[in-house]
Every structure is written in C-alpha cells, then in structure tokens.
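The values are calculated or read from the model by the stated rules, or taken from the named source; none is laboratory data. Values in this document were obtained by computation on a predicted structure and should not be read as measured data. Glycine also receives a Cβ, built like all others from the backbone with ideal geometry; neighbour counts cover every protein chain displayed.
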Amino acid sequence: MSKSENEILVSSRIIVEHPELPSDYYRLRDFEYVQPLYDLADLLELDALSKGVEVPKYRTFSLWRAGYSLDGYGTTIDRWLDGILEDEDLDNIPTRRIRQYLESVRTQGTITELQRYQDERFRRCLRLRSVRGLGPNKIATALLSESFDEDWCRQMAIETGVDQHRIANLYCGVNLGPWQSAHIVPPLLRFLRSVEFGISRSVGWSIAGIADPFEPIIAEVIVSANLPFDLMVSAVARTLRREVCFSLIGQTAGRIQIRHQLGWSFSFEDLETDNLGETLTALAARLDPLSRSLATLQGDLHSHTAWSDGSASVEKMAKAVVNSGLQYFAVTDHSRSSKVQGGLTPPLWLRQANALALAHPVCPILHGIEVDILKGGDLDLPHNLLAAADFVVASVHSNWTKSASQNTDRLIRAVESGCVDTIGHPSSVVVGKPGVPDYYRPAAEVHWDEVFEKCAQWRVALELNCFPSRLDLSLPLLQRAVAAGCSISMGSDAHARSHLINLRFGEAALSRLKPNLILNRLSHRELCEYVEDSRSLRRAVAKPKHILHIEQPTLQFDEERKGRVTIRAQISLPQHLPAGSRVIGIDLTAGNKTTGVALLDNSDVTTCSLSTDAEILEFIRIYEPSIVSIDSPLGLPGGGLSIDPRAGIVRVAENDLSSIGIPAYPALIDSMQNLTLRGIRLKTQIEAMASRPLVIESYPGAAQDILSIPRKQKGLDLLREGLRRLGLAGAGLDTSSHDEMDAITSAIVGRYFEAGLYEPMGIPSEAQLIVPKVSPLHFEKAPIICLAGKTGAGKSVVARYLSVFYGFGWIRTRDIIQELLFEDLEKPLDRRLSNWNVNPSAIAEEDLQAFGTLVLSEYRQGPLRSKLANVIRNHSGPLVVDAIRDVADVDPGLIADRPIFIWSVDCTDNLIYSRLVQRRKLGNKKYVQRSPVDKTADFLSKQSHNLISNRGSFEELRWGIDDALFSAITITRVV
Ligand SMILES: [Zn+2]
Ligand SMILES: [Zn+2]
C-alpha cells in the first residue's frame, strides 16, 4: 500500500459502534408494506392461469410495479403515510387505490382482496415462487391438487434442476428459507419492543439463529428473555393485536411460535439462562447495519437512474446522495444487452452524458456504466466508449455455467479487456428478490483466487454490492480478495433513492476487514486520479499480453495494433432547444377526448386543451405560429386521398421509424383511422389560413426517444424534467395533462424542423413524419462514411440511424445522379454524357439507373466524383454517403483532410427478397432486377473498413453500426 492510501485510511472517520437507534427505526418497513401487493398480483395471475381464463394483465402489472417501485429496506412508505415525507420524496407516487392498500396493510397487515386466497393451495403456490426456474405457468398447476403431490414435485425437480426435497418442503410449508437478516431483524426487534411496551419495562433479550447480518438465515430463530414465561405469554398475546404483520402459529408449554407475513417464523422459548441478554439497541447495533449511519464513505459507486431501470432522475438521486451524507456518486445504468432493464445503447449513453452536463447536480457525478459481461467474456459496449466513461462496473447478469473454469475465464477476459474499473456483484448470489423474500440463487462456481490475482495485476477492483439480498462478494471471499491485493469498491446498486441506505450494509461488513483500499473512502478528486492511474497502468500491463495472446482479436488496443484510422471526438456540449419562431404543437385525439395544444414562444410554453376543430383553428388564427406540428398521421398508406384497402394500414414512415428502433402505431390501425382522417382534414384547413403556417407531422414518442426525454409512461415528472433540461420554461410545463405534455413535445419538433435538425421518415406522397436529429458527438475531423452493398441490403437503414442518432448528413448518390442527368439534358448535344431524349419532367427510375450505369462504365464515375466532392465540401459535419459503387467515388484528393470509411452492408439475396415480400413491396413480381450497385457490391465488401451485417434483426444491425462507429472513434469528455 502506498503512503497516500495509508493517510486516507487514517483520515477517514471512525464508525460509531453503539449509536442510538434512529427515531424511525421501529416503523413498519417498506418491504412489509409491499409484500401483499406482490402476493395479490401473483395470485390473480395464478388463479386465472389455473382456470384457463385471461390474466388481468393491467392489474397485475400495476400492482407489481407499485410493489417494485416502493420496495426497500427503509421506512419511506410509513413516513409518507404519516405525512412526514412529501409526494416528491417518493420516486413513484402511489395511485389512490394503492394508497388504500398500503393503509390497509398498516392497520390489518394485509389487503382485503387477499382474503379470497386463504386456501392452503394458494399459500402453497406463493411459497413455490422461491424455486428458481418455476414460472407462473408451472406453479399454477400446483393449484390443481388438494393434497401433497409427490409426482408433481418430482417432475418440477427434473424441470428446474432444484433439489426435490426443497420443492417438497416448500409445497408442504416446512423448512422455508433461507432468509436474509435484513428481512428479519428490524421487524423482529419491532415485535420485541412492542412486548416491552406492553409490560412497561426493558427486557434483556437473547436471540439464537441469527449469527451475523451478512449470513443467510437458515436455522429457526429462537428468542428468550430474562422474563417469567407466563408474563411473556400474556405480553405476546397483547403484542399480536398491535403488530398486524405477525400471526400466531402455535403455542405449547414453554413455546410460542409466531410467523411474520413474509413467511419466516420465530419462537419464544422458556430457556433458563444466566445470560441477562442484550437491550434492543445493542441487538440492533450488532445484527442490523441499517441501524447505523454512514460514517466512513465519501461516495457511492454503483447506482441506477430512470435512464435505465432506476426510478429517480439523476438530479433527484444527487440530492438524495447529499442528504445521506455522501459527497459524490457514480451513475452506472445498464448496458444494451440488459434489455428488460432498459439498458443503454451507445447513442443513449452519449445523450446521458450530454444531459448530465445540463443537469447542474448538487454534487459531483461520475458518469459511468454497468456494462454486461457477455457469455464469452466480451463486454457489451465498444471499448472506445467505455474508455470515455468515468467509472466502469462490469457485471454478469445471465448465463453462468456449471463449469468453474468457464466462469473464471469469462471474468478474467473482462478484467483483461483493460476497460473495467470494478467487477459488479461478482458471484451473483441472491437471497430474496422483489416479491419473493426467500428466493435463493447460489453463488456461481468460480476459481476466485485466479480472478483475484488478475484483478490485482490489472488494478481492477472487486465490488461489495451492498444490496442486502446480494452482499456480494461475501465476507470470506472479500477477505481473500483483500489478501490477494485487490481494492474494493462499494455500490448501493440503488434503483431508487430509498436504496442508498444499503451502503450501510457494506460499510458494516468492511469494518470487519483490513482492506487495502476502499475506493469509496477516497474523495471525488482522489478517486478520479486513482481511476486515471489504474487505466494507464492497465495499458502498460496490456502491451506484452498481446504478444502472448494474439489470438484474442477483440481485446481493446486492437486499433493501435492494426494501425487503423481513428478519429477523435468530444461528447457534445449541452444542447438546448434551437431558437426560432412561434410554434404550435397539437396532440390530436379522435372521439370525445380533448386535444392537448401547446404554444411555444421563444423558450416559453403555455398549454390548453381544446375540443372541436373550430376551437383549434381559432387558437391558431389568434397566435399566428409559423409552424403547426401535429401528432397524427397526415397522410394515408399508398398516398391517395381516401383509404385504399389494398395499400394496407402501414405507411413507409412507420416502417422507417421502426427500422431505427422506434415502434409506432400503423396509421390506419382501427383505433387510429378517425384520428388520421381528422389530422388530414385539419392540415388542409390550417394550410389554407391567411397566415399560411407550415404544417408538419410529428410523433412525441419518437421525439422523446431521440432527444432522450423520458416518455410520459415513465412518469410525468421525469418528462417535465427532461423538457426543462432542453431549456423550456413557462406555465405550460406545470400541466398534469399527459396530452398537453405530448403537445409540448410536438411543438419542440417544429423547432428542430425549422433549424434544419431533422430527418423526415417515409415518403412525401404519404406525408412524412418529422423527427428531430441529435449530434451527441463533436468530431475533430468530421468523418465521411461511404456505404456499399446490394439494393435492399439495408443501406438506408444504416444512413437513417447515423443521421437521427449521430447527426450525420445523409447524401444520396441517387440524387446526385439525378442532378447530373438534369444538367446533362440541358447541355448542347455535343457536350453531353448521354445522347438520350428524355423529358426532364418525367425521369423514371429506369432512366436514372441507366444513366448511373453509363457514368460508371463510360466515365469511370468521373462526373459523379467531382459533384460528390462538391457536395461534401459544402458540409462541414459528419456525412454518410448512400451509396457508393466504386472506391473511386470518393476521392480523398478532392476532400481535404476528412477521414473516409467504407462500410459494406451485408445481406443475403434470399433475405433481401423475403424482407421485401414481407413489406409487400413486390407483390407477386419475381425479384430479378439487379442494379449496377449490386455488381460492385461484392468487390467493395473486400475493400471496406467494416462489414455491417444485416442478416439478423434491425436491432442487431443498429448494434453493429454502433460497434463499427466506435471502432474508429476515440472519445474525450467535455471538460
Ligand atoms: Zn447488476
Ligand atoms: Zn446494478
């Protein structure tokens, strides 16, 4: 250990060993409040499944979501119900119905709907939830038997790989668990305090069965006291009337058995003891780290926000971090493979970086990532992107194998990537998951000492994940890691503000060790320096490794080895809404619902709700906007003036949007028909107004996704915060109407349109949908990416994605050929490239193709090359050229100092054909047409810098684009 690290340890504050308990310690815990919500959600589902009727999905989802978003180890809900906490202290404010449920839990320990499910068969199903691998469908079949069904247990043991005895025990309700002490200690101590309250004096208590707050509890908990047992019996009876989460299981001479709502139980026993026992305060100090306050930590190094599956915004998390006594924290949202968790893709992470710069948080934030360690040990995001993150937590979230050596290799590969600052929840052990308090997932089999050695060598820390259900690494493994010379990082893994208290678990655990270095004890500045030092040390370790391990082609520093072109980029400075003229946004509805309308004037918004077309037109007449942006399709599939059943219900616009990952409703789906027709009608009327406003079509959901403003479904508060971040102000932002909020977003699209920062989706004949485009990167030298590939391979999807999410200008060579042809037809015959007689106002697609072929074969692309060079020279930003036919199309000599990349988009002919058929572009026509592009595509693919595969889903295509882009870019942070 270096001298400075010693000093840090000395300078850190010392844990207070016997604190007074916080005043709210004996309140009902959040996890006790939410358990009945989970139970009801599961029982509604199981009941429906066993009867073969439709699951009430909306109800079960809203119950589950309420439970999940309020779950935790603290006392937030209880204090909120008491009015001590405000609505804004909660990440998700419960609906009125959920509030009623919570109040019912407080007074009765349960909710009335659960009384229907008192039957042992239903209780059995709830217990079976804790078997890993048993989903609702399988559990529902256990509802069918009246009594113990051995065959069922045997079958499920085979299907899940879980021990048959455990399944049978859960079936019958014996030997449940294991449990985490965090779920037991605070409620148990509350019960004991209630006993003391009933007899008006302090008691010395002894508790057997809970040895350590860091060990899962498997044995039965037995409580004894220096109290005559008959007095105990009557005090417990009185307590049971007050403590509604507990119920009596049985009582015999010398023994009272009690069950908690979560399923764990404990007994009072009449034990003769000389030991006088401990006070409740001493017990809490010994058994419950949550009873302490944070003392030695300066920061949290693992947390999630609403950008992925967390529920609070970065700003709110920052405030909570400061309130809990910390100086800084790392935002480490999930990466793209964690799809259910809403993991971030590269452009989203860049937008997050940009948004953080706008957020003015109350404490320093490390902008990090929790990147998935994939099956083979690769990391889930490009290394050049990870290099730009302030702190990289790398975690395994799925697919551990039974083979310890495979698991070990997987972790070591991640360590040796050189991109990782710490390994998150390294063993993946879980005791208790949301809604299932005795769920158990054992730790993965890993040769830990090999991993620790590599971590020490590469200066990669190991995490102590402080979630009580994880506490991962375990204390014994932490001890070994410390002995191997590893440093430790601690993370609350908070998914809500109320989870920050989890850090107390980690802190208490570390007071048992003599760790080398706890990263969280460093100040923000010291930590940044430490990360920087470690990364340069890793580069030094990495060099000789390559000579030994050349067969590992995906390791970082590839770029140096290959000597490839790399360009430098900076994450763009904060981007506000472009300035411009007055815009009205309309979130149009069909039917009786009112329409949300927003007026955007400079950066000021006002909103209102209007009903009739006449009211809307009058509003526009009064405010005379230059642009009206309507959230409704403004054209029909097929492009006609009336609905053409043969054209289907989807426009090209919706297809274009979904190709870049934004799902949209088909324009003529049943529920949209009237809306679409109303939109078209309004557009005509607005355009006929004296002030001649421009009418555009917008879709708030798409704009919100692209601008990374949370959609309203994530919470109106988050959406409002996102809009404020863009620089918006005014009374309109305070509206509680979802439609008016969307109208504001529609208005914003008008501004992006006016500023030229947009991309149209679809084709003009069907009306185009305007989406904003963003530029999360500022390139030192703006690159030119030239696409090659066959017709239909997906080049335009690539170009569209680069345009919308990275701000690339999209140059279509088809347009350039068309211009060339126009110009050609105007020249005197002796100076023309072609000698055809084509009517310039009626140029057909075939003419363009033929002319393109001529330019290629007769003139070796000369005219195209110089025209393209002209176009490129007029664009200072990054460009995508869609598409080239020859490497000579883009002449570096004509384009000063701009890096050029050729990307070949690869797809098989069969796939191209079947996709075209799917999109009903071909009808019954056979796919025979081959354009000149196709002939050179194969040749170009060999010359290209990157091969972008479009043989899988569009999502895989987008990931491939991101990977290709970041293989050539190194990013520096905004300073
Ligand atoms: Zn994780
Ligand atoms: Zn996490």
With the requirement that a residue be assigned to a loop (DSSP other than H, G, I, E, B) and either away from ligand 2 (no atom under 13 Å from the Cβ) or on the phi > 0 side of the Ramachandran plot (or both), what does the stretch 386-408 give you? Ala387, Ala388, Ala389, Asp390, Ser398, Asn399, Trp400, Thr401, Lys402, Ser403
Is it the case that Leu668 is at pLDDT below 95 and crowded, with 16+ Cβ neighbours inside 10 Å? yes
Residue pairs, Cβ under 7 Å, 6 or more apart or interchain, first in the stretch 456-470 and under 16 Å from Glu215 (Cβ atoms) and touching a residue at least 24 places away in the same chain (Cβ under 8 Å), second aliphatic (A, V, I, L, M) and within 13 Å of ligand 1 (Cβ to nearest atom). List them. Ser469/Val430; Arg470/Val429; Arg470/Val430
For the stretch 459-502, what are the residues that are over 27 Å from Val34 (Cα atoms) and among the charged types (D, E, K, R)? Arg459, Glu463, Arg480
Quick check on this structure: which one of Ser395, Ser405 is of a type in the set (Gly, Ala, Ser), at pLDDT 95 or above and buried (at least 19 other Cβ atoms within 10 Å of the Cβ)? Ser395
Can you confirm whether His425 is of a type outside the set (D, E, K, R), within 16 Å of ligand 2 (Cβ to nearest atom) and assigned to a loop (DSSP other than H, G, I, E, B)? yes
Filter result (in a loop (DSSP other than H, G, I, E, B), out of contact with any Gly (no Cβ under 6 Å at 6 or more places or on another chain) and of a type in the set (Asp, Glu)) within the stretch 218-266: Glu243
Go through the residues of the stretch 263-280 one by one and say whether even a single one is within 16 Å of ligand 2 (Cβ to nearest atom) and closer than 29 Å to Val105 by Cα. no
Filtering the stretch 225-255 for residues that are surrounded by 19 or more Cβ atoms within 10 Å (Cβ to Cβ) and under 47 Å from the mean Cα position of the chain (by Cα) leaves a count of 5
Cβ-Cβ below 8 Å, separation at least six or inter-chain, first residue in the stretch 740-754 and over 19 Å from Leu694 (Cβ atoms), second of a type in the set (Lys, Arg): which pairs? Met741/Lys712; Met741/Arg720; Asp742/Lys712
Residues located in the stretch 94-131, provided they are free of Cβ contacts under 8 Å to residues at least 60 places away in the same chain, crowded, with 19+ Cβ neighbours inside 10 Å and assigned to a loop (DSSP other than H, G, I, E, B): Pro94, Val131
Would it be correct to say that Glu453 is within 19 Å of Asp421 (Cα to Cα) and within 16 Å of ligand 2 (Cβ to nearest atom)? no
Given the criteria touching a Leu at 6+ places or on another chain (Cβ under 9 Å) and more than 16 Å from ligand 2 (Cβ to nearest atom), does Asp438 qualify? yes
Of the criteria (1) surrounded by fewer than 23 Cβ atoms within 10 Å (Cβ to Cβ); (2) within 21 Å of Asp533 (Cα to Cα); (3) within 16 Å of ligand 2 (Cβ to nearest atom); (4) of a type in the set (A, V, I, L, M, F, W, C), which one Ile412 fails: (3)
Which condition number in (1) out of contact with any Gly (no Cβ under 8 Å at 6 or more places or on another chain); (2) modelled with pLDDT of 90 or more; (3) assigned to a helix (DSSP H, G or I) is the one that Leu856 fails? (2)
Count, please, the residues in the stretch 469-486 that happen to be under 28 Å from the mean Cα position of the chain (by Cα), surrounded by 24 or more Cβ atoms within 10 Å (Cβ to Cβ) and more than 13 Å from ligand 1 (Cβ to nearest atom). 2
Search the stretch 473-499 for residues being among the charged types (D, E, K, R) and in a helix (DSSP H, G or I), and hand back the single one that is nearest to ligand 2 (Cβ to nearest atom). Arg497
